[in-house]
Each structure stands twice: as structure tokens, then as C-alpha cells.
Amino acid sequence: MAGLCNPRTVDRRSWILLGVLASVWGASYLFIKIGLEDFSPAMVVFLRTLLAAVVLAPLAFQRGAMRGLRPLLWPIVLLAAIQVAAPFLLISWGEEEISSSLAGILVASAPILTALLAVFIDREEQPSLAGGFGIGTGIVGVALLLGIDVGGDSAALVGGLAVVLASLGYAIGGFYLKARFKQTQPIGVVTATMFASAVLVLPVALASFPSDAPGAGPLAAMAALGAGGTGLAFVIFYTLIADVGPAKASIVAYVAPVFAVIYGVAFRDEAFTLATLVGMALILGGSWIAGQARAPATRAAADRSHRARPPAPEAAA
């Protein structure tokens, strides 16, 4: 993992992997929308987390990343609830009322909420004045999408707020991950939290088990979402971290929402208005500024922390 400490420049292979990862993660919201045609939100979450865990487990065991996690069983369960099970459920519930493209854009607000929470709970991540501007810009973008793009539909507004709340779970989970899992390999923690999330949501999934056999389209969407968009995508993400470093790998978080919009418009005939464009620009721009701009007094300490440990790809998950 030498690439984590001394990242190389982004070569052609890494750019290709970045593009593939952004396109796969961006498609996750489309797959959720298709899966919801025959599956409940809880069943969608159960299938995607279980399949992701099955894909990730061989690599995690091969790297010995599962060793030392047994004493962290309950922290893993808590992390799974905060950062995976609850956010995934909220996104799936939200997509019953809003478009997949809008969901993909709203999830990109996670760095904004992370920077906002850092003011109160993490000195190393506290934003600078420019970061505060990014937070404000992103909040304006969220308000624009919820106030205009949902067209005054109360159900759509609730759905959009559910997706924003999911982003809050990603943000809170990121701080907990940083504080509680410093000595663990990220891919081991991700694998364990996926298994734990599947167990947590299983009772609700069984209670909403489909009465009729699901169609081929929703089944294929769940396979692609779990094995590809949640499992294989993490393998690619950690490969990029090793090759080019966490900062460059995080670029994918700002490209994936664009793919979500493209897929939604192309395959679901979802509306793409001027408000959508402006809101997306404000959220992505604000997220980038908020994520990059830290207070000078804490920047050096934060950089050391980030070099020592790759970031959790909570928004892109």
C-alpha cells in the first residue's frame, strides 16, 4: 500500500478506473429505482448489502483485513446502522417519491454536512472561511432543488428530505469511523458493516417480502447494484487509493452525480430543468469547496491524518 503515502500521478489506467467507478456509482440510483418496481425499500437494501459483502469478503480475508475486528463487533453494528443500513433505507424510501437523478444529486451534499458538523465535533476537519462559503453554497443548492425542482409536491419533498437525511448519516458515520476504527483496514470494516447491515435490515425485508415473483429487470438491477455498484465498486475505489492516493481518488464523488443525471434522463425519461442544473452546480461546487478548505491551524494535522488513512467513500456508496 505504498501508494497511500506516496501517491503517483494519475496515469491512463487510473483515469479509466475513475471513469468506470463514477459511472458504476452513478448508476446505483437508477438500479434502486428499477428494483423498487418489484421490491420494497428494505428488500432493496438487504439484497445490495448482502451481495456487496459476498463480493468483498474474499478480498478482505485474502488481505487479512478481518483480523482484529471481533472486539469491535458492537461498534461495527453501530457503524452499520448509522452509515449504511439507515442511509440506504432512506435513499430507497426517498426514491419512491423522487427521481433517481435528483437522489444522486442530493446525496452529494454529504461533504457539506460533514464540514458543517466538523465545526462542532472535530477540530482537524474544521472548515476555513472559504469552507464556510462552500457550506452556504451547497445549502442554497439543496434548498433550490427541494423548493423548486420537486414542484411543490409534498410527497416528493419528504422523499428529498429523506435523501438529505441519509447524507447526514454518511457524515456522522464518517466521524465515528475515523474515531473508532483507526487501527483497522478499511476494506475489512466495509465488509463487516455490509454483513451487519444485511442482518439489521433482514427482519424488515422479510416482513415486506414480495408476494409475486419479481421480474427479470428488478432482479438484474439488484444483482448489478449489490455485486457491482456496492461490492466491486469498493474494490476499484481502494485500488485507486493505492495507486493515486485518497485525495485524487475522491474526485469520483463529484463525477458520479453527473452520471446519475445522465442515466435518469436517458433511461427513465426523468426531467432535467434549469433548477436541476443550477442546484447540482451549487451542491457539487459547495461540496468541493467545503471538503477542501480547512482552517489553516488544523490543515497540517488533518493532512497527516488523511495520509495515514484513506477516507471512507460514504457519499459514493
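The values are calculated or read from the model by the stated rules, or taken from the named source; none is laboratory data. Note that the coordinates shown come from a computational prediction; the quantities given were computed from them, not determined experimentally. Note: ideal-geometry Cβ built from the backbone for every residue, glycine included; neighbour counts use all protein chains shown.
Checking the condition part of a helix (DSSP H, G or I), over 16 Å from the mean Cα position of the chain (by Cα), at negative phi and surrounded by fewer than 23 Cβ atoms within 10 Å (Cβ to Cβ), which residue from ALA192, ALA179 passes? Let's see the steps before the verdict.
On the way: ALA192 fails: surrounded by fewer than 23 Cβ atoms within 10 Å (Cβ to Cβ).
None of the other options fit; the residue is ALA179.
With β-branched (Val, Ile, Thr), within 25 Å of ILE148 (Cα to Cα) and under 12 Å from the mean Cα position of the chain (by Cα) as the only criterion, which of ILE105, ILE112 stands out? Let's see the steps before the verdict.
On the way: ILE112 fails: under 12 Å from the mean Cα position of the chain (by Cα).
Unique residue meeting the criteria: ILE105.
Given (1) assigned to a helix (DSSP H, G or I); (2) surrounded by 19 or more Cβ atoms within 10 Å (Cβ to Cβ); (3) at pLDDT below 90, identify the lone condition not met by PHE133.
Checking PHE133 against (1) assigned to a helix (DSSP H, G or I); (2) surrounded by 19 or more Cβ atoms within 10 Å (Cβ to Cβ); (3) at pLDDT below 90, the one that fails is (2).
Can you confirm whether PHE234 is closer than 23 Å to GLY64 by Cα, surrounded by fewer than 22 Cβ atoms within 10 Å (Cβ to Cβ) and modelled with pLDDT under 95?
No, not satisfied.
Can you find a residue in segment 199-220 that is assigned to a helix (DSSP H, G or I) and in contact with a Ser or Thr (Cβ under 6 Å, 6 or more places away or on another chain)?
no
Sort out which residues of segment 253-278 are modelled with pLDDT of 90 or more, under 22 Å from ILE148 (Cβ atoms) and either surrounded by fewer than 17 Cβ atoms within 10 Å (Cβ to Cβ) or of a type in the set (Gly, Ala, Ser) (or both), and write them in order of number.
Of everything in segment 253-278, those that are modelled with pLDDT of 90 or more, under 22 Å from ILE148 (Cβ atoms) and either surrounded by fewer than 17 Cβ atoms within 10 Å (Cβ to Cβ) or of a type in the set (Gly, Ala, Ser) (or both) turn out to be ALA260, GLY264, VAL265, ARG268, ASP269, LEU277, VAL278.
Search segment 213-228 for residues being under 23 Å from LEU59 (Cβ atoms) and in contact with a Phe, Trp or Tyr (Cβ under 6 Å, 6 or more places away or on another chain), and hand back the single one that is surrounded by the fewest Cβ atoms within 10 Å (Cβ to Cβ). Explain how you work it out, then say what you get.
Step one: filter segment 213-228 for residues under 23 Å from LEU59 (Cβ atoms), giving 222-228.
From the residues that got through so far, the ones that are in contact with a Phe, Trp or Tyr (Cβ under 6 Å, 6 or more places away or on another chain) too are 224-225.
Values: ALA224: 21, LEU225: 27.
It comes out as ALA224.
Considering segment 242-252 alone, what residues qualify as being out of contact with any His (no Cβ under 7 Å at 6 or more places or on another chain) and either surrounded by fewer than 24 Cβ atoms within 10 Å (Cβ to Cβ) or among the charged types (D, E, K, R) (or both)?
Matches in segment 242-252: ALA242, ASP243, VAL244, GLY245, ALA247, LYS248, SER250, ILE251.
Filter segment 30-84 for residues that are assigned to a helix (DSSP H, G or I) and among the aromatic types (Phe, Trp, Tyr); which is surrounded by the most Cβ atoms within 10 Å (Cβ to Cβ)?
PHE46
Residues in segment 83-126 that are without any contact (Cβ under 8 Å) to a residue 40 or more places away in the chain and of a type in the set (Val, Ile, Thr): how many?
Residues flagged as without any contact (Cβ under 8 Å) to a residue 40 or more places away in the chain and of a type in the set (Val, Ile, Thr) within segment 83-126 amount to 1.
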